[in-house]
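**Q** Once you've had a glance at the structure underneath, I'll fire off some questions.
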Amino acid sequence: MAGTLDVDKLEREVKTVYRGVAETPTEERHFEMGRDLAERLGYPPADLDRIPEEAIDSFAGVGYHFDLADLQPGESVLDLGSGSGMDVFVAALHVGETGSVTGLDMTDEQLAKARRLRDESEMDTVSFENGYVEDLPFEDDSFDVVVSNGVINLSPEKDRVFDEIRRVLGPDGRLALSDIISEETMPDGIKANADLWAACIGGAEQVDDYMDVIETPGFDIVDLRENPQYEFTSEQAQSACTKYGVKSVSLAARRQ
């Protein structure tokens, strides 16, 4: 899947972008961030009022899927690419004191910020781990639900990501995510460009291929919707959206 993409360069580019997301959230980027975006995507203001404001400032998600996740008190949740922790903190509201939420991220600055906010807010049911979505550092059948927001498109090995998600989910485990896909297959010139991957464009999988890579390891997709309220902000990103049908979707799936 990676083609001629320089995977090491991609990792460096992604870490650079999301280091900035953690440390300087007001800088201009290819994508929008913050509370206005979160509310437009569908996050209830009442939930946002109960979690750390700094986590919301660094929110760079592409959709809302907690209604699809249908989290219940006492469940264990894993958030892939948890960033500064906004979705982890939102999930913690839903699973309550008897549940637990683990965030996984590969960017040190994001993890440091998320852990600081966790400690300051005394959300004891929340933890943040360092790791990669293609090689999850968790035992089989560890979680009831996996969520992810705008992250899996950044991986050049999406088949491994969904294999790993299925492995760490328990029987009848659920997956709910938002991500960037495309209507048409991207040309090699875009797919081999690490800068465009880091901007959530180059790694956008063609929608039918994306569905296949989810279903192959053993998931049933039970819901899928587009998120027209999500828009890229830069001219370069908007051009790709127009030409190749790059867009945000949210979906729910269940482990077979």
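**Q** Once you keep just the Cα pairs under 8 angstrom separated by 6 or more residues, what percentage relative contact order results for the chain? Kindly include the intermediate steps, with their values, before the conclusion.
**A** Numbers: 550 pairs, mean separation 57.9, N = 256.
With pairs under 8 Å counted, the relative contact order is 23 percent.
**Q** Using only the alpha carbons of segment 112-256, what is the convex hull's orientation-averaged projected area in square nanometres? It would help to have the intermediate numbers written out before the result.
**A** Details: hull surface 38.6 nm².
Hull-based average projected area comes out at 9.6 nm².
**Q** Okay, next question. Based only on other Cβ atoms within 10 Å, what is the fewest-to-most ordering of Glu75, Glu54?
**A** Numbers: Glu75 21, Glu54 18.
Starting with the residue having the fewest Cβ neighbours, the order is Glu54, Glu75.
**Q** Compute the Cα gyration tensor for segment 41-153, then decide on rounded, prolate or oblate, letting a ≥ b ≥ c be the square roots of its eigenvalues: rounded whenever a/c is under 1.5, prolate when a/b is larger than b/c in the other cases, and oblate in all that remain. All intermediate terms of the calculation are to be shown ahead of the outcome.
**A** Details: a/c = 1.22, a/b = 1.08, b/c = 1.12.
Rounded, because the longest to shortest axis ratio a/c is under 1.5.
**Q** Could I get the Rg over Rh figure for segment 7-255? Both from C-alpha atoms, Rh via Kirkwood, rounded to two places. Please report the intermediate quantities before stating the final value.
**A** Details: Rg = 16.5 Å, Rh = 17.7 Å.
Radius of gyration relative to Kirkwood radius: 0.93.
**Q** Under a crude label model (7 Å from the Cα following the beta-carbon direction), how far is Asp208 from Glu120 in nanometres?
**A** Spacing of the two 7 Å Cα→Cβ label points: 4.9 nm.
**Q** Another question, then. Please rank Cys241, Cys200, fewest neighbouring Cβ atoms within 10 Å first, as an exposure proxy. Display every interim value, and only then the final one.
**A** Details: Cys241 18, Cys200 26.
Least crowded to most crowded, the residues run Cys241, Cys200.
**Q** Net charge near Ser250: determine it from the other residues with C-beta under 14 Å of the C-beta of Ser250, scoring Lys and Arg +1 and Asp and Glu -1.
**A** Values: positive: Arg40, Arg174, Arg225, Lys247; negative: Asp67, Asp70, Asp87, Asp179, Asp223, Glu226.
That works out to -2.
**Q** Wrap a convex hull around the Cα atoms of segment 1-85, take a quarter of its surface area, and give that in square nanometres.
**A** For segment 1-85, averaging the hull's shadow over all directions gives 7.4 nm².
**Q** Can I ask one more? With the radius of gyration and the Kirkwood radius both derived from the Cα set of segment 138-209, what is their ratio Rg to Rh? Can you show the working numbers first?
**A** Details: Rg = 13.7 Å, Rh = 13.1 Å.
Rounded to two decimals, Rg over Rh is 1.04.
Read the figures in this text as sums done on the coordinates, not as results from a lab. Here the structure is a predicted model, which means the values were calculated and not measured. Positions of Cβ are backbone-derived with ideal geometry, glycine not excepted, and every protein chain shown enters the neighbour counts.
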